[in-house]
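Peer 1: Encoded as C-alpha cells, here's the structure I'll be asking about.
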Amino acid sequence: MSLTIDEELEALLPRLWRFCVSLASQRAAAEDLFQSCCLRILERQKQFTVGTRFDHWAFRIAKNLWFNELRSRRVREGRGFAQDSVDDLIAKGKNAEWMVLRAEVFKAVMQLPEAQRVAIILVYVEGFSYAETADILEVPVGTVMSRLATGRRALKVLSDDGEVVKHGSKQNDKKSIEPRQSTAAFDTRLRHATAKSGGSTTLS
Amino acid sequence: MSSSATYRFGDAELIAYLDGRLDDSRRQAIEDALKDNSALQYRLRELDVNTLQIRDAFDSMLISAPTADLPPAAPSLVRRQVQCDPASVSKPSRWRWAVAACLMVAVAAGWFARSAFDNVGEEIPHWQVAVADYQRLYTLETLGAAQPDPLQAAQQLNKVSQNSGLTVTTEMVDIPGLTFRRAQTLGINGQPLIQLAFSTAQGVPVALCFTRDKATTDTIAKNAIAGLNSSSWGNGEFGFIIIGDVPQKLLDTSAQLMAPRFL
C-alpha cells in the first residue's frame, strides 16, 4: 500500500517551500510559486505515477512553473528578484556564532547564479543524485556537473575569504584533500561553534 | 606528473570523488595521481567545499517552514460527502478540495505572513541533527535483511538496555503501523545513542533514537530535519526522537504512544 497524495504532499511541503525559496530567492516570489505549485500538483495529480518518487515529480513541477511562467511574469511586472535578508529566510537559534556561520553559508549559496544555485541545492541539500537532478531540471547530466563545478568554485572563493590556495604554493598539501573532507576556514569555525553549543562533530 | 594527467580527470569526476560518489577504480586512480600532481591537487582544492554546511544552512529553513496540517474539519467534511454519495466524490475532487482548504487555512493562519519567518523555533539538539543525517542515508533496502525473531529481538533490546541504562522490552517496541527491525548502540559525545529501527508496511525506514539529554522537555515537538519528519520529547533524563521519511501524523501518533512507555 502506498501513501496517498495528500500524505505525500503534507510530508513534502517544508522541502517544497525550501525549494521554492531556492528558485525564487525572494520571499514574495517564493510564496507565489509555492501556492501555484500546490495548485498545479492538485490539478495534475492524476499524472503522478504511483510507486515513483513524489518529491522528484513535485520539484519538477515547481521548476517548470518558475522557469516557464512565474519568473518571466515577475520580470514583466518589474518586481525583480531582490534577495531577501538572510534573517527572513532561515531560522534563528541560541548559538550566535553558529547562526553567523549558517547565515554566511546560506547567503553565499543564494548569491550564486540561478542555474548553479538550483543544481547545488538539489544535489547537496535535497540529496538527489546527479542523474535525478538532471531529470528534474531536464538538462543533460553533464550540464548539471558543469553547474556544480562552477558553483563550487564560486562558493570556495566566497567561503574561504581569500584562503583559496594558489597553484604550487606551500599550502597546497595533497594530504588534506580527501572525499567528504573540507579544509576551509569554515570548518574550523563550525567546529568551534559546535563545541561551544555542547555538540560534537556531526557536521564535520 | 604531466599536465595531461591533470586533465585526465574532468570536473565531473573530481566532484564525484569529493562527494564520495565515484567508483573504486576511478577513486583509486585519482588518489594515485594526487600523490605527485600539484596541478590536480589545486583543481581538487578549488572544488572542495563543505557540502554538509550547505545542507545544514538550508535545513534551518525547514524549522520555520509552513506547516500544512489539514484542518480537522476537512477530512470529516470530505468523509460526509463520500458517505452521502460515494460516486459523486472522485479522488481528484476530494484532493482538489483538500488542498484548497489547506491553502485557505494556511493563508488565514498567516503562514505566508512575515511573522511566519520571524517565528523561530528552538535550536534542534545537536544529537538529533546527527540522527537525522544518519537516518537520511537509509534506503528501502537498508533494513531488508533485518528480520529478527522474537528471541533475537529480545537479545538485541537487552543489549541496548544494558548499554543505555534504560530498559527496553519487546512489548515497548510494538508500534501500530511499524515493524521492529533492529536495535543497535551508536554513540555521540561519549554517550551511548540507541537506535531502534523500524519499517513501515512499504519498507520505509523509521528510527526511534534516544540518548542522555536532560534538556529535552516532555512536550512532543515536531521538526523537519535534513528533509525528514520527526517527533521528539524527553523524560527528564533521556531525549527521544522518532524520525523518518513518513507522514508527520504517523510519527506524532507513535510518539504519543511511546512517551509513556519510557517514563
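The values are calculated or read from the model by the stated rules, or taken from the named source; none is laboratory data. Remember, predicted model here, so these are calculated numbers, not experimental data. All Cβ positions, glycine included, derive from the backbone under ideal geometry; neighbour counts span all protein chains shown. When the accessible area is computed, the model is the full protein with side chains, heavy atoms only, and any ligands, DNA or RNA have been set aside. Shrake-Rupley method; radii C 1.70, N 1.55, O 1.52, S 1.80 Å.
Peer 1: If you check B:I243 against the conditions, is it in contact with a Ser or Thr (Cβ under 6 Å, 6 or more places away or on another chain) and open to solvent by 40 Å² or more (accessible area, probe 1.4 Å)?
Peer 2: Against the criterion (in contact with a Ser or Thr (Cβ under 6 Å, 6 or more places away or on another chain) and open to solvent by 40 Å² or more (accessible area, probe 1.4 Å)), B:I243 does not qualify.
Peer 1: A further question on this structure: Name the residue, out of A:L9, A:L13, that is within 13 Å of chain B (Cβ to nearest Cβ), modelled with pLDDT under 85 and surrounded by 19 or more Cβ atoms within 10 Å (Cβ to Cβ).
Peer 2: A:L9
Peer 1: Another question about this same structure. When you scan the stretch B:176-220, how many residues do you find that are polar (S, T, N, Q) and at positive phi?
Peer 2: Number of matching residues: 1.
Peer 1: Which one of A:A119, A:A154 is modelled with pLDDT of 95 or more and among the hydrophobic types (A, V, I, L, M, F, W, C)?
Peer 2: Answer to the check: A:A119.
Peer 1: Going through the stretch B:134-169 one residue at a time, which ones are modelled with pLDDT of 90 or more and among the β-branched types (V, I, T)?
Peer 2: Hits for the stretch B:134-169 are B:V160, B:T167, B:V168, B:T169.
Peer 1: Output the number of residues of the stretch B:135-158 satisfying the condition of being within 22 Å of B:G234 (Cα to Cα) and touching a residue at least 60 places away in the same chain (Cβ under 8 Å).
Peer 2: Residues meeting the conditions: 1.
Peer 1: What is the one condition in (1) open to solvent by 30 Å² or more (accessible area, probe 1.4 Å); (2) in a helix (DSSP H, G or I); (3) not hydroxyl-bearing (S, T, Y) that B:L157 does not satisfy?
Peer 2: (1)
Peer 1: Only one residue in B:A215, B:A224 is open to solvent by 10 Å² or more (accessible area, probe 1.4 Å), hydrophobic (A, V, I, L, M, F, W, C), within 16 Å of the chain's Cα centre (by Cα) and within 12 Å of chain A (Cβ to nearest Cβ), so which one is that?
Peer 2: Within the list B:A215, B:A224, the selection yields B:A224.
Peer 1: Given the conditions (1) of a type outside the set (A, V, I, L, M); (2) out of contact with any helix residue (DSSP H, G or I) (no Cβ under 9 Å at 6 or more places or on another chain); (3) crowded, with 16+ Cβ neighbours inside 10 Å, which single one is not true for B:Q256?
Peer 2: Unmet condition: (3).
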